[in-house]
Each structure stands twice: as C-alpha cells, then as structure tokens.
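Student: Here's a structure for you.
The values are calculated or read from the model by the stated rules, or taken from the named source; none is laboratory data. This one's a predicted model, so the numbers in the text were calculated from it and none came from an experiment. Every residue, glycine as well, gets a Cβ built from its backbone with ideal geometry; the counts of neighbours run over all protein chains shown.
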Amino acid sequence: MNKRILQLAVPSILANITIPLVGVVDTAIVGHISDASAIGGIAIGTMLFDLLYWNFGFLRVGTSGMTAQAFGRGDRTECTRLLTQSLGIVGIATMAIWVLQWLFVTAVLACVPCSPEVASFAREYFFVRIWAAPATLSLLAMKGWFIGMQDTVSPMAVDILVNVVNMVVSYVLAVHTPLGPIGVAYGTLVAQYSGLVLAVMILWLKYHLQSTRAELRAALRWERMRRLMQLNGNLFIRSLCFMVVYVGFTSLASKYGDTELAVSAILMKLFMLFSYFVDGFAFAGEALVGRYIGERAPRMTRRAVRLLFNWSLGVGLIFTAVYALWGDDCIRLITTDMMVIDGARPYMAWLIAMPIVSTLAFMWDGVYVGATAGIQIRNSMIWAAVAFVGAYLASYRWIGIQAIYVAYFAHLLARVVYLSIQWKPLFNSIQQDA
C-alpha cells in the first residue's frame, strides 16, 4: 500500500513543487524590479483570480472523486462521460466569466481597501490574465479526471510545463521587455494555453478518447449530469467559504498599509508552500479512497486513510523544522525590501505553527473528496469560515493585524475537528453499502 501511495503522491509532489515557485518567482521578480505597491498589486490581482477560479474548484474535486469511484467499478464509459460533462460546464463558466469580467473586478476592488497604485496594477494584471480562463478551467477538469483514473503522471507533466513556461516567460517579459512588472501576467497567459495543448495531446494519445455527437449529447443531458451537479453544488458552497477565508485574509491585511499587505502576501506564499507537498498525498487519497469505495473494499479504505495520514504528518513536521530554523532566510529569498523583511518578523511564530494543523486539514479534504462526501466537505468549510470571521472579530481590537493570523489558524482547526468527528459515521455508512 505504501508503494502505491508513493506512486500516486510523488508525481503530484514533483509537479506541485513548481506551483509555489511560480508565485514566489512572480513576487520575487516584481519585488526586485519594483516597490511594495507592485507586490501588493500582485497580491490583489492573484486574490481576484483566487476568487474566480477557486469557486470553480469543483471542476477538479468533483471530477476526481466520481471518476475514481467509476474506475473502481470498472466502468470506463462513465469515466469518459464524466470528463465530457465537466468540460461542458467549463464552456458555460468561461462565457459567464468573460461577460461579467469588468463588473467583477470593479466590484471587488471597490470593496478592498488599497492605495490607487495597488488597485491600478491589480486591474491591469487582471484584464491580461482573464483571457486564460478557458485553458485554466479546462485544466482543472482534466487534472481531476487524470487523478480519478489513478494517473498522477499526466497532470504532473502538464503542471510542470505550465509552471516552467510561466516562470521563464514571466521573467523574460518582465525584465527584458518594456512591459515591466505586468509581464508576469502575460507569462501566465502563455503558460496556461501551453498546458492545455499538452493535456489534449495526452487525452488523445494515451487514452484514445473519442465520442460521437450522439454520445456527447447523451452525456450532457440533465438526468445524466444530476449527481455530478449535486456534488458540485456542495463543492461550490465550499469554494465560497474558502473565499471568505483567503480573500478575507488579503483584504484585512490591506487595511494596515502596503507594507503589511506585502508581508501578508509573502507569508501566505510560505504558508501554502508545504501544502503543495501534502497535496500530493491528498491527491493520492482522492484516487485511492474513491477507487476502494468503488471496489466496495472498506478494509482497504481504512488502511489507505491511516497510511496517508502518517505520510502527511511527516511532511508537516519537516516544514515545521525548516521554518523554525530558516524562516527569515525564506523571506529574504522573496524580497530585498528591508521594510518588508523587518515587518515579517513579528509573525514568524505563525509560520512555524501552521504546518501540522494544515496537513491534517488538507489530508482530510482528500479523503472526503474520494468518498464524494459533498455535504460533509461543504459543512466543514462553513464552520471554518465562521471560525475565521469570529476569531478575527473577537481579537482585532486587542492585537491588531495579528488577528488575521489568529483567524487563519482558527479556520484550519475548525476543519480538522469537524472532519475528524464526521469520519466514523461516514465510514460506517460506506461499510454498510459494501
């Protein structure tokens, strides 16, 4: 079992290593050629896309869990149908995003307190990257499908291509052309479409996916899509709650000035760095738990969950040690602005404390996605959002900006507690169905 976990997790980890590097490199490029307002603009611009694309995270999550269960049942026709349905949703979502893009960015920036310089850069960044929407959403759906098919090598290849192209093209355009800092947005645009081309080639050459018009129409009928849409509805609510936390974190930080906003952006990059390692095991959890539920093998499900948590906790302990020993050096790798470096020091204790509780939250998410337990996933994030807001409101008058870090920690803890409590009844129901 450990060998199978590593076969699924390691390719995802290798791909995920490049994901935070993209954000770090983008921030570092801007940090070295511009000032704190440009770093803040990147943070706000990234937040805008988090608000958009994380709301469509169900395209990956829902597709992954349901495909894994279909794979476990040996139903390859259903696997293909699920990919078709997810890509159909992508088409609708893309048109809606493009139609509403100006209203969206205007409304969000009106609600986020930031300087005119930060807002101007964020708006320019957004209107460049928005044209990558069809590629970005399609890649979400395809990645979920690959994982459900017990294939983490294909999405690894796609992610590595996207992220390497992003870093190289962003650097060239930002540093060696008149575009300057906004070149990082064009780099992302080029990278997303490069990844889409590779993903389509993999589907064609490795899986030989072909469908007739009649099969496509049948797959997109409501009665065929009902279960996927019900799961995606719960996952969409989960995504909205994620936005309360992550957009709230950046928005609240922006109230304290451009330097504090830059500090929070850099610390969030480091908060998320270790999550990309744990996500490798979470993706393995999605694939294996879904597969064993599809095979009606509760003993294998229980064993997989236990071993997955052992691996993820090991990752958490490693990053706790790394941040305790070299946290200040990590900050210096991202920016040379001494105001930002000095401003980050009061928050280093949070950087050290986050990994363990985060790994538990992320690993539970993977397990529940494989079980397609949409209601529990939704409810965990509702409680997490409530914990975030409540913790901030209860503490900001006394500890100022430290309250946003208290709130972030509280939301992670709420997820862990809720999902831990819910696992036993969910597993019992899985056993009864087996």
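Student: Limited to segment 109-118, what total is found for residues that are under 25 Å from the mean Cα position of the chain (by Cα) and closer than 20 Å to A174 by Cβ?
Tutor: 1
Student: Provide a single number: the residues in segment 105-123 that are surrounded by 15 or more Cβ atoms within 10 Å (Cβ to Cβ) and either at pLDDT 85 or above or in a helix (DSSP H, G or I) (or both).
Tutor: Counting residues in segment 105-123 that are surrounded by 15 or more Cβ atoms within 10 Å (Cβ to Cβ) and either at pLDDT 85 or above or in a helix (DSSP H, G or I) (or both) gives 9.
Student: Follow-up. Of the residues in segment 126-173, how many are out of contact with any Ser or Thr (no Cβ under 9 Å at 6 or more places or on another chain), surrounded by 21 or more Cβ atoms within 10 Å (Cβ to Cβ), farther than 19 Å from Y276 by Cα and in contact (Cβ under 8 Å) with a residue 40 or more places away in the chain?
Tutor: Number of matching residues: 1.
Student: Surrounded by fewer than 16 Cβ atoms within 10 Å (Cβ to Cβ) and either of a type in the set (G, A, S) or farther than 21 Å from L288 by Cα (or both): which single residue out of I399, I382 fits that description?
Tutor: I399 is the lone residue from the list that is surrounded by fewer than 16 Cβ atoms within 10 Å (Cβ to Cβ) and either of a type in the set (G, A, S) or farther than 21 Å from L288 by Cα (or both).
Student: Identify, from the list V30, V24, the residue that is surrounded by fewer than 24 Cβ atoms within 10 Å (Cβ to Cβ), modelled with pLDDT under 75 and either more than 15 Å from G148 (Cβ to Cβ) or over 17 Å from the mean Cα position of the chain (by Cα) (or both).
Tutor: Exactly one residue qualifies, and that residue is V24.
Student: A further question follows. For segment 393-419, how many residues are closer than 13 Å to S264 by Cβ and of a type in the set (S, T, Y)?
Tutor: Counting residues in segment 393-419 that are closer than 13 Å to S264 by Cβ and of a type in the set (S, T, Y) gives 2.
Student: Determine which single condition V263 fails, assuming it passes every other condition in (1) under 27 Å from D159 (Cβ atoms); (2) in contact with a Gly (Cβ under 6 Å, 6 or more places away or on another chain); (3) surrounded by 24 or more Cβ atoms within 10 Å (Cβ to Cβ).
Tutor: (1)
Student: Within segment 174-210, how many residues turn out to be in contact with an Asp or Glu (Cβ under 9 Å, 6 or more places away or on another chain) and surrounded by fewer than 17 Cβ atoms within 10 Å (Cβ to Cβ)?
Tutor: Matching residues across segment 174-210 total 1.
Student: Also: Which residue, of A214, A253, is in a helix (DSSP H, G or I) and modelled with pLDDT under 80?
Tutor: A214
Student: Suppose we filter G88, G72 for residues that are surrounded by 15 or more Cβ atoms within 10 Å (Cβ to Cβ), more than 24 Å from the chain's Cα centre (by Cα) and touching a residue at least 24 places away in the same chain (Cβ under 8 Å); which single one remains?
Tutor: Matching residue, one of G88, G72: G72.
Student: Scan segment 308-331 and report the pairs whose first residue is in contact (Cβ under 8 Å) with a residue 24 or more places away in the chain and more than 30 Å from G370 (Cα to Cα) and whose second residue is assigned to a helix (DSSP H, G or I) and small (G, A, S), with Cβ atoms within less than 6 Å and a gap of 6+ or a chain change.
Tutor: I331/A344
Student: For segment 326-346, what are the residues that are surrounded by fewer than 18 Cβ atoms within 10 Å (Cβ to Cβ), part of a helix (DSSP H, G or I), out of contact with any Lys or Arg (no Cβ under 8 Å at 6 or more places or on another chain) and not basic (K, R)?
Tutor: Within segment 326-346, W326, D329, L333, M338, M339, D342, P346 meet the criteria.
Student: Might you let me know whether segment 407-422 holds any residue that is among the aliphatic types (A, V, I, L, M), touching a residue at least 60 places away in the same chain (Cβ under 8 Å) and assigned to a helix (DSSP H, G or I)?
Tutor: yes
Student: Here is a list of conditions, (1) within 13 Å of the chain's Cα centre (by Cα); (2) surrounded by fewer than 19 Cβ atoms within 10 Å (Cβ to Cβ); (3) farther than 27 Å from R378 by Cβ, and K269 meets all of them except one; can you say which number that is?
Tutor: K269 satisfies all of (1) within 13 Å of the chain's Cα centre (by Cα); (2) surrounded by fewer than 19 Cβ atoms within 10 Å (Cβ to Cβ); (3) farther than 27 Å from R378 by Cβ except (2).
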